[in-house]
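Notes for the one structure printed next.
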Amino acid sequence: MLGIIRQKLGAGSSSATMLGQLQRIRPAASALRSFSSSAKEQMTVRDALNSALDEEMSADPKVFLMGEEVGEYQGAYKITKGLLDKYGPERVLDTPITEAGFTGIGVGAAYYGLKPVVEFMTFNFSMQAIDHIINSAAKSNYMSAGQINVPIVFRGPNGAAAGVGAQHSQCYAAWFAAVPGLKVLAPYSSEDARGLLKAAIRDPDPVVFLENELLYGESFPVSAEVFDSSFCLPIGKAKIEREGKDITITAFSKMVGYALQAAEILAKEGINAEVINLRSIRPLDRATINTSVRKTNRLITVEEGFPQHGVGAEICASVVEESFGYLDAPVERVAGADVPMPYAANLERLAVPQIEDIVRAAKRACYRSVPLAASA
Amino acid sequence: MSFSAATTQPLRLNTTAGAAARSNDKVPSSLLMSKTPSFLGSTRKLRPGCVAAKPNAQRRSAVVSVSEAVKEKKASASTNLLITREEGLELYEDMVLGRAFEDMCAQMYYRGKMFGFVHLYNGQEAVSTGFIKLTKQEDTVVSTYRDHVHSLSKGVPAREVMSELFGKATGCCRGQGGSMHMFSKAHNLIGGFAFIGEGIPVATGAAFSSKYRREVLKQADCDHVTLAFFGDGTANNGQFFECLNMAALWKLPIVFVVENNLWAIGMSHLRATSDPEIWKKGPAFGMPGVHVDGMDVLKVREVAKEAIGRARRGEGPTLVECETYRFRGHSLADPDELRDPAEKAHYAARDPITALKKYIFEHNLASEQELKAIDKKIDEVLEDAVEFADESPLPPRSQLLENVFADPKGFGIGPDGRYRCEDPKFTQGTAKV
Ligand SMILES: Cc1ncc(C[n+]2csc(CCOP(=O)(O)OP(=O)(O)O)c2C)c(N)n1
Ligand SMILES: [Mg+2]
């Protein structure tokens, strides 16, 4: 696993070389940031996902959708609304509640070049299909020495939901990101959702696409470019959501919003935070992260998942390996509490990162005036 | 074994037959007889060219015999009554409690007292009551996310269930579990499983433990039975079939109770399954399969008696399909737009509580006043439960990190048989580990 990983990016973006551990640090300047300058219209994450599915289905008859309640019910969270009417029951398949079965069926179809988009009503239920995601999908290209690639997308809401207790509320980013052969994406905004989902569907490999239920209804400004049906984002590239010079905050999915709000608060206190929206958990954009840390010399990672062996742990390792000499303060991970999600609202709030937790951690890193303590 | 799918009514009792006849008055006979697709499921037209198979035309709804034993026993029974007065009142009280509890939950949810996914049981009470009221405290119940009423039937106090739903420290799981995760070890209610199918193997494991205790640990009196409750949608999940196989293979003391309410969220049973007659899977795996009218608590109870008896006698598992209906949406968040109003009305007219009431009156088991007194009692129980839950304290902050392991700190058991973390030297960092 020390070698350099060559990665073909999906159509719509140029191919690039992702570097493995011994990454050369490139400047973080990103063309993507220019999107934020053009004229803006609002779009919800739900519409972004729905339109991405619609356009990709319309562009490629090999793309089909399967999952529970994706058809007549229009999706448990209405992401697939209207698609059954438009594409018919042959391409929008309501499945029985058999994740192990229908996920495996999706994988088998992908072996033969179809492009299934498998919806998990929530990613919690992907646990019943984990064998097919990891053993049938992620390993086939390698086991078959490149004879059989698996162009499949596993998508659905991931992460902490509200008031639903331990089984329905957890983040799987680190779980899937631990598996070679999977690409793991986690959109935050509507632009992310649209661009990354299109990239995922066009991608020749299995992609785990982690949405967030609590973001579906949120509106984001999007540029005309994003509306274009050819719009697509590169897999493996992070986005600098907010430039800053004092501290780097990495986050993904819903936590990007929290990190941005924390950055606002920090700005009022004279701390200028740079917020990185990871977008892609695997491949991880080590270059952008390290470039940022070399500039700010401080790092906080934010995620909803469990702290141990988490995404933050991987980022810290990367920074320690590649930019150790640049760090002016210990790195801190803001993560979910190391417990299953409790139901009671007051405990639940304590179990997931809050904006104040990010602010406090950032201040600790900048001032060293507050004693270091375990996060969350 | 005979699993005659015949219309032979094993319970040759006026009541059962009478009840069927009575419901015939209100219900088109096609719904009860097997000629037409009697199974409602979806009245929505299947889309032309839809990949889903056409539902099997043959759907009979008569109760299928579990075994010969019940017939003989019933034939020689001296009374025509299925239940005594006391039993009737107990069943009535339990069903009213279940119904009123769920109605109260809806109110409390809309008032913001409970949160997340709240799945109510209205309409299905005959199943919970019909089965669970026949169990002993030691018998195990395994439920799903739709678990409030199973908990109540098993004897978990309404206060504790309500308080759990409020997320309070006095709840049966101290507010840590919530609506979908009720547990009460004292009552042998072992979940509360929110994922489809996952309760079935766990229940089978509970049944395995009964047999193991009796045969390996020589606890001769361990004749405990496990009831696994789950829905029609769940009966398409592989874990169900895997466990039917193992339960039959190892003759485990379990009853698989399918609450076929014809829908899995917005997925009609008929669109989800190649053969909608779930009970048939029993014989396929070598155990009796029974279909019963799940809107009739007395019928459910008769079948339950036989199935639980079989399990207790060590004769192995039974699969029981109860045809029932939920009177509300899948959860309080479900817009419930796909179910046909005519279908809803049809089942509303077969309200299991109304039916039991009628039976009680017709057989002079109790007076209207007596039932009203029970209603009133339940109202008081619920008022008390809500007040109790409302006034109970929130779980303290410190509770967040508790209960992750049985072992308080997670460092295991030392050579002295005690938790390593309890060794003072351990905390001082001087212990040899
Ligand atoms: C593994 C898994 N997949 C999906 C879900 C989402 N889900 C919750 S309830 C439900 C429908 C279940 O229907 P059924 O088994 O008929 O039980 P009912 O709700 O009708 O009581 C679904 C799909 C889940 N909880 N677990
Ligand atoms: Mg159902």
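The values are calculated or read from the model by the stated rules, or taken from the named source; none is laboratory data. As the structure is a prediction and not an experimental result, all values here were calculated from the model. So basically every Cβ, Gly included, is an ideal-geometry build from the backbone, and we count neighbours across all protein chains shown. SASA here: full protein model, heavy atoms, side chains in, ligands and nucleic acids out. Shrake-Rupley method; radii C 1.70, N 1.55, O 1.52, S 1.80 Å.
Annotations
- Among the residues making up the range B:177-224, those that are assigned to a loop (DSSP other than H, G, I, E, B) and within 14 Å of chain A (Cβ to nearest Cβ) are B:Gly177, B:Gly178, B:Ser179, B:Met180, B:His181, B:Met182, B:Phe193, B:Ala194, B:Phe195, B:Ile196, B:Gly197, B:Glu198.
- Residue check, A:Ala100 open to solvent by 40 Å² or more (accessible area, probe 1.4 Å) and within 15 Å of ligand 1 (Cβ to nearest atom): yes
- Set B:Ala366, B:Ala311, B:Ala342, B:Ala355: member being open to solvent by 50 Å² or more (accessible area, probe 1.4 Å) and either assigned by TED's automatic domain parsing to the domain that holds B:Cys173 or touching a Cys at 6+ places or on another chain (Cβ under 6 Å) (or both): B:Ala342
- Selection within the range B:236-259 - touching a Phe, Trp or Tyr at 6+ places or on another chain (Cβ under 9 Å) and within 16 Å of ligand 2 (Cβ to nearest atom): B:Asn237, B:Phe240, B:Phe256, B:Val257, B:Val258, B:Glu259
- In the range A:80-95, residue nearest to the other protein chains (Cβ to nearest Cβ) [restricted to those that are open to solvent by 40 Å² or more (accessible area, probe 1.4 Å) and in a loop (DSSP other than H, G, I, E, B)]: A:Glu90
- Odd one out for B:His269, checked against (1) within 14 Å of chain A (Cβ to nearest Cβ); (2) away from ligand 1 (no atom under 14 Å from the Cβ); (3) open to solvent by less than 10 Å² (accessible area, probe 1.4 Å): (2)
- Every condition in (1) buried (at least 20 other Cβ atoms within 10 Å of the Cβ); (2) under 19 Å from the mean Cα position of the chain (by Cα) holds for B:Gly329 except the one numbered (1).
Each row is one residue, and each column tells you yes or no for (1) on the phi > 0 side of the Ramachandran plot; (2) within 16 Å of ligand 2 (Cβ to nearest atom); (3) not polar (S, T, N, Q).
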| site | (1), (2), (3) |
| --- | --- |
| B:Asn80 | no, no, no |
| B:Ala100 | no, no, yes |
| B:Glu125 | no, yes, yes |
| B:Ile132 | no, no, yes |
| B:Gln137 | no, no, no |
| B:Val142 | no, no, yes |
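- Residue tally, condition more than 11 Å from ligand 1 (Cβ to nearest atom) and touching a residue at least 60 places away in the same chain (Cβ under 8 Å), over the range A:111-130: 2
- Odd one out for A:Arg279 among (1) in contact (Cβ under 8 Å) with a residue 40 or more places away in the chain; (2) farther than 19 Å from A:Pro157 by Cβ: (2)
- Any hit, the range A:200-207, residues being open to solvent by 20 Å² or more (accessible area, probe 1.4 Å), touching a residue at least 24 places away in the same chain (Cβ under 8 Å) and farther than 23 Å from A:Met143 by Cα: no
- Exactly one residue out of B:Ala235, B:Ala228, B:Ala194 is within 13 Å of ligand 1 (Cβ to nearest atom), surrounded by 23 or more Cβ atoms within 10 Å (Cβ to Cβ) and within 18 Å of B:Val161 (Cβ to Cβ), and it is B:Ala194.
- Residue within the range B:369-384 that is within 14 Å of chain A (Cβ to nearest Cβ) and either open to solvent by less than 60 Å² (accessible area, probe 1.4 Å) or in contact with a His (Cβ under 7 Å, 6 or more places away or on another chain) (or both) present: no
- Condition check for A:Glu264: of a type in the set (D, E, K, R), in contact (Cβ under 8 Å) with a residue 60 or more places away in the chain and not in a strand (DSSP E or B): no
- Answer residue from the range A:43-79, given it is crowded, with 24+ Cβ neighbours inside 10 Å and within 14 Å of another protein chain (Cβ to nearest Cβ) and is nearest to A:Asn212 (Cα to Cα) among those: A:Gly75
- Only one entry of A:Lys254, A:Lys245 meets the criterion of being in the same structural domain as A:Val293 (by TED's automatic domain parsing), surrounded by fewer than 19 Cβ atoms within 10 Å (Cβ to Cβ) and in contact with a helix residue (DSSP H, G or I) (Cβ under 7 Å, 6 or more places away or on another chain), and that entry is A:Lys245.
- Failed item, numbered, when B:Val161 is tested on (1) in a helix (DSSP H, G or I); (2) out of contact with any helix residue (DSSP H, G or I) (no Cβ under 7 Å at 6 or more places or on another chain): (2)
- Selected residue (only one of A:Ser223, A:Ser219, A:Ser189, A:Ser140 is open to solvent by 20 Å² or more (accessible area, probe 1.4 Å), more than 22 Å from A:Val70 (Cα to Cα) and modelled with pLDDT of 95 or more): A:Ser219
- Residues satisfying the stated conditions in the range B:139-167, i.e. within 11 Å of chain A (Cβ to nearest Cβ) and open to solvent by less than 20 Å² (accessible area, probe 1.4 Å): B:Ser163, B:Glu164, B:Leu165, B:Phe166, B:Gly167
- Residue among A:Ala335, A:Ala365 that alone is more than 30 Å from B:Gly167 (Cβ to Cβ), assigned by TED's automatic domain parsing to the domain that holds A:Tyr258, open to solvent by less than 20 Å² (accessible area, probe 1.4 Å) and touching a strand residue (DSSP E or B) at 6+ places or on another chain (Cβ under 9 Å): A:Ala365
- Wholly enclosed strands (runs of 3 or more DSSP E) of the range A:277-360 bearing at least 2 residues within 22 Å of A:Lys183 (Cβ to Cβ), more than 14 Å from chain B (Cβ to nearest Cβ) and modelled with pLDDT under 95: none
- Within the range B:392-410, residues that are at positive phi have Cβ atoms under 8 Å from residues that are in a loop (DSSP other than H, G, I, E, B) and open to solvent by less than 80 Å² (accessible area, probe 1.4 Å) in these pairs: B:Asn403/B:Gln176; B:Gly410/B:Val404, counting only partners at least 6 apart in sequence or on another chain.
- Qualifying residue in the range B:287-294 (condition: within 15 Å of ligand 1 (Cβ to nearest atom), away from chain A (no Cβ under 14 Å), touching a residue at least 40 places away in the same chain (Cβ under 8 Å) and surrounded by 24 or more Cβ atoms within 10 Å (Cβ to Cβ)): yes
- One residue stands out in the range B:245-266 among those that are away from ligand 1 (no atom under 12 Å from the Cβ) and open to solvent by less than 10 Å² (accessible area, probe 1.4 Å): the one that is farthest from the other protein chains (Cβ to nearest Cβ), namely B:Pro253.
- Among the helices (runs of 4 or more DSSP H) confined to the range B:244-334, the ones with at least 2 residues that are closer than 30 Å to A:Gly75 by Cβ and at pLDDT 95 or above are located at B:269-272.
- Counted residues, the range B:117-143 - those being more than 17 Å from B:Ser179 (Cβ to Cβ) and of a type outside the set (Ser, Thr, Tyr): 13
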